[in-house]
1. Give the calculated FRET efficiency between GLU98 and ASP132 to the nearest 0.05, with a Förster radius of 22 Å applied to their Cβ-Cβ distance.
2. Can you give the Rg and Dmax of region 45-89 based on its C-alpha atoms, in angstrom?
3. What residues have an amide H closer than 5 Å to that of GLY152, excluding those fewer than 5 places away on the same chain, when H is modeled at 1.01 Å from N in the peptide plane?
4. Using θ = phi - 60° and the Karplus curve 6.51 cos²θ - 1.76 cosθ + 1.60, what whole-Hz ³J(HN,Hα) does each residue of region 98-108 get, with Gly and Pro shown as x?
5. Give the accessible surface of the chain per residue, rounded to a whole number of Å², with probe radius 1.4 Å and ligands, DNA and RNA excluded.
6. List the residues whose amide H sits under 5 Å from the amide H of CYS123, counting only those 5 or more places along or on another chain, with H placed 1.01 Å from N in the peptide plane.
7. Find which of THR44, SER82, THR31 sits farthest along the positive direction of the dipole of region 5-88, computed with +1 on the beta-carbon of Lys and Arg, -1 on that of Asp and Glu, about the Cα centre.
8. Let me confirm the definition first: pairs of Lys residues in the chain, 8 or more apart or on different chains, C-alpha distance under 26 Å. How many are there?
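The values are calculated or read from the model by the stated rules, or taken from the named source; none is laboratory data. Note that the coordinates shown come from a computational prediction; the quantities given were computed from them, not determined experimentally. Here the Cβ positions follow ideal geometry from the backbone for every residue, glycine too, while neighbour counts run over all protein chains shown. In case anyone asks, the SASA skips ligands and DNA or RNA and just uses the protein heavy atoms, side chains included. Shrake-Rupley method; radii C 1.70, N 1.55, O 1.52, S 1.80 Å.
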Amino acid sequence: TPYARKRKAAEDAFRKLRKWEGDRIPEGGFTLEHLQKHRLKLPTEEKWMAEHVLTENQRVAGAVAAFRAGDHAAFGKILNESHISLRDRVGNSTQELEAMRNLLLGTAGVFGARVTGAGFGGCILAWVREQDAESAADAVRQGYRARFSAKGDVFSVRTGPPAGLLEPGS
């Protein structure tokens, strides 16, 4: 599958970096500097996948900070950056997903959007101001139907509390 091939490319890249760097790997793992140092030795797909993984790890840390600070614009920007990396480095977006994302980004109250799941025809996750969610959903449904003569499904969800242990009887 395309996903398995991409995953293997990332694993192969990091296996090679581990061999080349030996004991010089910091406790936090590889950095973009490690990749930069060895990028000419890696095949293109391995280089792109390793770059995506390393930059995505940075984005996750930034997204957590933005979310905790309630900075919706920063969180949306990170979603957009993630999408661009997934589209351009991983190659797991489609014409339909790009259209849906562009429809969302052109709608008031949408902070950012990215492909999610394994991609390759999956879905788009968007960070939307609550009071604008229904109008954003309507814009996507209408615009998608006009462009593709097909129904574009939209599911509105809210964030919930983080995962945790449930006490017996609760």
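1. 0.55
2. Using the Cα atoms of region 45-89, the pair Rg, Dmax is 11.2, 36 Å.
3. Residues meeting the amide H criterion: ARG145.
4. So the J values, rounded to whole Hz, are 4, 5, 5, 4, 5, 4, 5, 5, x, 10, 4.
5. On the way: 10730 Å² over 170 residues.
Normalised by residue count, the accessible surface of the chain is 63 Å².
6. Answer set, sorted by chain and number: THR116.
7. THR44
8. 19
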